[in-house]
Amino acid sequence: MAPLTNVYAPRMPERNNTMNRTGSIVATILATALTAFLPAAPALSDPWEEAGLLLEKAAAARDAGNLPEVVSIYRKAAQLLEQGKPHDDPVSLILRAELQRDLARAMVDAGTGDPCVPLAQGQRLLQQAGGADSLSYGTKVQEEIGHGADQLSPEQQRQRCASTAPPVDPGQADSALVGHYYLSGVMETGSELRLKADGRFDWYISYGSVDQMAEGRWGASGGAVMLVADQPAADAPLFRADERFEWNEDAERRMRELAEDKAVEAAAALCPWNVAVAMSPPVLLPEDRPPASAADIASAHKALAQAEMARDTASRAAAVAVGSASIDAAESEHAANAIDTWHNAKQAMENAYRVAGMEAPDIGAPVMPPACTHRRVDHGVAIPQSEWQPSVAVIVGDPARELRLSRVGVVFIYSDGHRETAQTSRGGWAFAPARTGATVSQLVLSFPEPVNRSQTLSIPPIAHGVQTVIADTRQIEAPPFTQMRLDVRDGDLFPQDMPRGRYSRN
């Protein structure tokens, strides 16, 4: 596996969990938001209306703090939708999967039952939704299926739900089918499938704003290809320590760039006004205009004095705003208004000088306090080793997917008990200062919501240098399918759950 320092890629795609933990399915069922853009979806029948009423009761029970009653009501609603002939269109299946997810969350909150059971049922419903000719319902449904999977998978990982499905044998790989395939026939969807000679496959699909991937085993028999996706192991470590490097110029440069970014952000927060000169259109003067009069020249000089006065007033207002012991909103607004006044006065001066036929003088900009200014450093210049400030750095990424991961929390634990908290930035880097007489011997790494998983790594003591950490992102993103069957016709592959799709080798 390639070391992380040889891998460069944008940060891992992130998705916000927009569903809250207080019965979001209620509004979803009652409003039936999905059907607003799915005219082909069937109307929800009375059981759905009854389920909506039940879930309103669940919300009331949660507000009253009766969490066991919330679980009981969710179970009744789920059973109600399973009775008779439940809808098997993608919209209804997605809603039922969301209900199973909310049931699992209610179980966790109440401390009763096994949340892994409804989570597994939710995954099965989403897989069924993806195979129910979902592409004919448009990319919105595909996005909702992807969003649902992105929420269920972290919940399963968080609850340490182990897969109970028996392993599936896809059969023997057929050398005649080995190759790189590309999807056609499906609008606004891109997908690739690579069947390898060793019986492994890689699969990728992109539709709308959703990107999904899977890898696993494949085989061929009976005129069809079977893909069996690898499932993340619930007990596998999410992070593991990899290679270590001495402090070098690249680490020094990265640390300085991060410090510079923080300084720029701090200056912008302290001084939220803009002193840059705005370009304004000049006054258009006719070519045959008469020579400037004495009044025009006097007006120009008067405008100059007003612009200089506005400049000095803006300088004093900025100094007062920044010089306060704490940020004062009124003083900050006063400084912003003063700088706007200077912009307008400078523009008026330039126009007055143009009318007078004279070149406008350069009066400069308002003087900003040092805390408001930060000059960017030329990072193309070599950094002498004598100027390095060796520290402790961590790089977090997933080389298998060529990803560097941002927004990963890192706690550096020193041998003297001290702790430094950081978060990986672009490129997967996080830094902590070196401490005299102490080394970093442990790292606590954590993914943010909605994954919300953490792990403590013990590492060989490091006083300064770069420790790389590999994150197995497959642990937090389950594949979108367990099995996929494709019919083989004339050398092309036709997914059974994608009626108009065709994978062909180019």
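The values are calculated or read from the model by the stated rules, or taken from the named source; none is laboratory data. Every value quoted in this text rests on a predicted model; they were computed, and no experiment measured them. All Cβ positions, glycine included, derive from the backbone under ideal geometry; neighbour counts span all protein chains shown.
Asp169 passes every criterion in (1) modelled with pLDDT of 95 or more; (2) of a type in the set (D, E, K, R); (3) not assigned by TED's automatic domain parsing to the domain that holds Asp490 apart from (1). Filtered by the rule that a residue be loosely packed, with under 15 Cβ neighbours inside 10 Å and over 38 Å from the mean Cα position of the chain (by Cα), segment 313-343 gives a lone residue, Arg316. May I ask you to list the residues in segment 447-500 that are hydrophobic (A, V, I, L, M, F, W, C) and part of a strand (DSSP E or B)? The answer is Leu457, Ile459, Ile462, Val466, Val469, Ile470, Ala471, Met484, Leu486, Val488, Leu493, Phe494. Which of the residues belonging to segment 207-224 are in a strand (DSSP E or B) and polar (S, T, N, Q)? If the condition is that a residue be in a strand (DSSP E or B) and polar (S, T, N, Q), then Gln212, Ser221 are the ones that fit. State whether one or more residues within segment 192-206 are assigned to a loop (DSSP other than H, G, I, E, B) and touching a helix residue (DSSP H, G or I) at 6+ places or on another chain (Cβ under 6 Å). Within segment 192-206, none of the residues are assigned to a loop (DSSP other than H, G, I, E, B) and touching a helix residue (DSSP H, G or I) at 6+ places or on another chain (Cβ under 6 Å). Quick check on Arg75: is it modelled with pLDDT of 85 or more, surrounded by 19 or more Cβ atoms within 10 Å (Cβ to Cβ) and among the basic types (Lys, Arg)? No.
Residues that are within 30 Å of Gly428 (Cβ to Cβ) and in a helix (DSSP H, G or I) do occur in segment 387-396. Candidates Glu308, Glu331, Glu350: the one that is touching a Ser or Thr at 6+ places or on another chain (Cβ under 9 Å), modelled with pLDDT of 90 or more and assigned to a helix (DSSP H, G or I) is Glu350. When you scan segment 379-399, do you find a residue that is more than 30 Å from Arg311 (Cβ to Cβ), touching a His at 6+ places or on another chain (Cβ under 7 Å) and among the aliphatic types (A, V, I, L, M), even just one? Yes; the residues of segment 379-399 include at least one that is more than 30 Å from Arg311 (Cβ to Cβ), touching a His at 6+ places or on another chain (Cβ under 7 Å) and among the aliphatic types (A, V, I, L, M).
Could you please find all residues in segment 167-203 being over 27 Å from Glu143 (Cβ atoms) and surrounded by fewer than 13 Cβ atoms within 10 Å (Cβ to Cβ)? Selection gives Pro167, Asp169, Gln172, Ser175, Ala176, Ala197, Asp198. Go through the residues of segment 377-386 one by one and say whether even a single one is of a type outside the set (A, V, I, L, M, F, W, C), crowded, with 19+ Cβ neighbours inside 10 Å, in contact (Cβ under 8 Å) with a residue 40 or more places away in the chain and in a loop (DSSP other than H, G, I, E, B). The answer is no, given that none of the residues of segment 377-386 is of a type outside the set (A, V, I, L, M, F, W, C), crowded, with 19+ Cβ neighbours inside 10 Å, in contact (Cβ under 8 Å) with a residue 40 or more places away in the chain and in a loop (DSSP other than H, G, I, E, B). Evaluated against (1) touching a residue at least 12 places away in the same chain (Cβ under 8 Å); (2) crowded, with 19+ Cβ neighbours inside 10 Å, Ser458 falls short on exactly one condition, (2).
Considering each residue of segment 225-256, count those that are touching a Phe, Trp or Tyr at 6+ places or on another chain (Cβ under 9 Å) and not in a loop (DSSP other than H, G, I, E, B), and give that number. Of the residues in that region, 10 qualify.
Among what's in segment 395-420 and is touching a residue at least 24 places away in the same chain (Cβ under 8 Å) and of a type in the set (Lys, Arg), pick the residue that is surrounded by the most Cβ atoms within 10 Å (Cβ to Cβ). By that ranking, first place goes to Arg404.
Scanning segment 396-418 for residues that are of a type in the set (A, V, I, L, M) and more than 18 Å from the chain's Cα centre (by Cα) yields Ala400, Val411, Ile413.
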